[in-house]
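Read the structure below first, then the notes.
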Amino acid sequence: MILAFRKYTYPVIIGLIINSAILQAQTTVNEQIHFFRQGEIFSIPLPDSICLLHPEYENTDQLKQVKPIHYRVSAPFPSVVLEDSLVLGCYLVTPAHLFAVDSVLSVYHILEKYPEVQQIIITRSHNYLGYLEEMLNVPFVLPPRRLKDGKHQTDERLAVDCAELAIYGRRRQGYVVPYCGPKKIAEYLVPAQRFQPGTIIHFGHQVSVLYEDRGQPGVLDGEDLLIHAYKDKAEIIALKNTDLDRRPYRLYDWK
């Protein structure tokens, strides 16, 4: 009985220790992530002087393997003006003393590497488009991948591409949609019945989402705003200011 007790107890104890460590690490990262509605007062403690970490938008090629994301450290500024400095999107904030100004950090997961870094996400709403707004400013990477711990770069708001952005919003709504490319995503879509904010615009090689119908109502034109990840980062941009303006497209909704 003693031998049997030792045989089965040690793995259980080790498992509990490992699970506890994983839970503690997840809790630490979660405490670094803060969601706010636009105009909401920031309710997080920040040092008096802070810096922003700006991703280097260099269209990182990850066709073969995961590569670190590069961030450049901004000049320091008072934290009291942070709320007035940020618009919609995802931002990384760090105490000013932590890194040299204009230095470049190359890391796989910035929040896990540096517990002092805070991720601040600002959106207008909690609907599909609001979830897409969470990814604004996140660098375009082709394609985003899973890290060694199994976490996906897009779920962590570290990297995104065109199809992954559209899928991220759907996953945040609670639907089970795997991350995939522009071709595979069509399996989870149906032809759109109406042209409205949230409509998926499929250009073949590029997937965008209608953010606002600003031009002729019900028709895609150059005045309409898209939210998409294309070439360098996730952004909101008028169709006329992209090279997609005259490309053929199809309109879809989620199944």
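The values are calculated or read from the model by the stated rules, or taken from the named source; none is laboratory data. None of these values were measured; they are calculated from a predicted model. As a convention, Cβ positions derive from the backbone with ideal geometry for all residues, glycine included, and neighbour counts pool all protein chains shown.
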Taking the options E187, E156, E164, name whichever one is in contact (Cβ under 8 Å) with a residue 60 or more places away in the chain and not hydroxyl-bearing (S, T, Y).
-> E164
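Conditions (1) at pLDDT below 95; (2) buried (at least 17 other Cβ atoms within 10 Å of the Cβ); (3) closer than 28 Å to E83 by Cα, marked per residue:
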{"position": "V117", "(1), (2), (3)": "no, yes, yes"}
{"position": "E134", "(1), (2), (3)": "no, yes, yes"}
{"position": "V177", "(1), (2), (3)": "no, yes, no"}
{"position": "A186", "(1), (2), (3)": "no, no, no"}
Among the residues of region 184-240 satisfying the criterion of being within 18 Å of L136 (Cβ to Cβ) and aromatic (F, W, Y), which is nearest to the chain's Cα centre (by Cα)?
-> Y230
